[in-house]
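I have placed the structure first, in the form of structure tokens, so that the comments after it can refer back to it.
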Amino acid sequence: MAKGFLANLKGVDAFGKTTEDVKIKTRTGAFLTLISAAIILSFTLMEFIDYRRIYTDTSLLVDRSRGEKLSMRMNITFPRVPCYLVSVDVTDISGETQRDLSSSIRKMRLDPSGKEIRGSRSTSLKNDVEKYTEDMPADYCGSCYGGLEPASGCCNTCEEVRTAYVNKGWSFSNPDSIEQCKREDWATKLKDQANEGCSVVGRVRVNKVAGNVHLSPGRSFQSNSRDVYELVPYLRDDGNKHDYSHTIHELTFENDDDYNYRKARITKEMKQRLGLNDPLKGTTRTTTKPQYMYQYFLKVVSTHFRTLDGQVLKSHQYSATQFERDVAEGGRGDTPQGIYVQHGVSGVPGVFFNFEISPILVVHTDTRQSFAHFVTSTCAIIGGVLTVASLFDSMLFATTRALKKH
């Protein structure tokens, strides 16, 4: 019974065999076999390379993050603005203001040729003359010379006197007549650094809302809910050419993950692979006008990178447009085409980075083909090549036999 069932089972064999005696081997068949093997190896190798290749899928989502902060990393050189007068200020739409940042900013004085002056590095952008107050008596109270006195009622430094003048609406045009300024040798310090440049390097921590970061030669003061820039010493005719020409070596927005060295390295590699470069890197702008304003409008987009091992790295990318004009013209001016224009805001000299946060979240996900897909593709390659070669060999064999008969 079993033998009969097994004998009948042979009838469904889809792979019929022939004996060696009835097989006919030809040189054409051998040539096709070698070509088929070469094709199979080539296609299988390409399929393996494709299997090992990493693909990046990009998707857009709504950014639902709330209450986060981001860091703006900068490296900017001003060849004709002394560090003594540079300040970094931050304001945002929430009303938060950071003036004269110093904790995470480093300045380096540059000589007229652009080389760093040795021993000039400092992590503070504050006026160096404030060190003189350490030698004053504890009960010392300097006069504000009629200016608007601070809450303490004393102006112990030349800078405080200047602030009092600005808050009063007066021009601070004669510091040599002020006791504090003469004691600190304020005018001499200004003249000694008048022909120097400045390199500003560091990070600025900002809220994840619309705002601006501006660098300006001069100190900013809060007066009547607006910034007033007292630039008399900077604009004074001292025989040196001062202007806001600058070079942006680096300007990027970072997340907290970028403070982790390993994550920052992976993020940098992924950005380079995807071509997400700093759009303002290497930007150079020059002018010969002292009262010139440069504005950069940045659209910051949150970006997540998902690696093959499941890590989620958070970062940012941005796009940039720019605008520049001479603020000496006030709120009015003409375009190069001779068209009269009027500006709603008169503006102040400096370099301004106005940034907005996009509501879109870009997610880049690394993917790779599955092993099952690789095996299936390899089998399809082998079967397809052999089948086509077999058909082609049969056609050639039949044609050759037909020709020989005739």
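Only the coordinates and a few stated rules stand behind these numbers; no lab work does. If you're wondering where the values come from, they're calculated on a predicted model, not measured in any experiment. Counting neighbours? That spans all protein chains shown, and the Cβs are built from the backbone with ideal geometry, glycine included.
Applying 1/(1 + (r/R0)^6) with r as the Cβ-Cβ distance of residue 115 and residue 56 and R0 = 45 angstrom yields a FRET efficiency of 0.60.
What does the extension gain come out to for residue 37 and residue 394, with contour length at 0.36 nm per residue minus their alpha carbon separation? Gain on stretching residue 37 to residue 394: 126.8 nm.
Cross-linked pairs 107/189; 168/208; 168/241; 69/189: Cα-Cα separations exceed 26 Å for 168/208; 168/241; 69/189. Subtracting the Cα-Cα distance of residue 324 and residue 368 from their residue separation scaled by 0.36 nm leaves 11.2 nm. Residue 309 label point, 7 Å along Cα→Cβ, cut-off 18 Å on backbone N: hits in the range 347-372? Residues 365-368 qualify, since their backbone N sits under 18 Å from the label point. When peptides 151-158, 384-391, 53-60 are sorted by average Cβ neighbour count within 10 Å, with the highest value leading, the order is 151-158, 384-391, 53-60.
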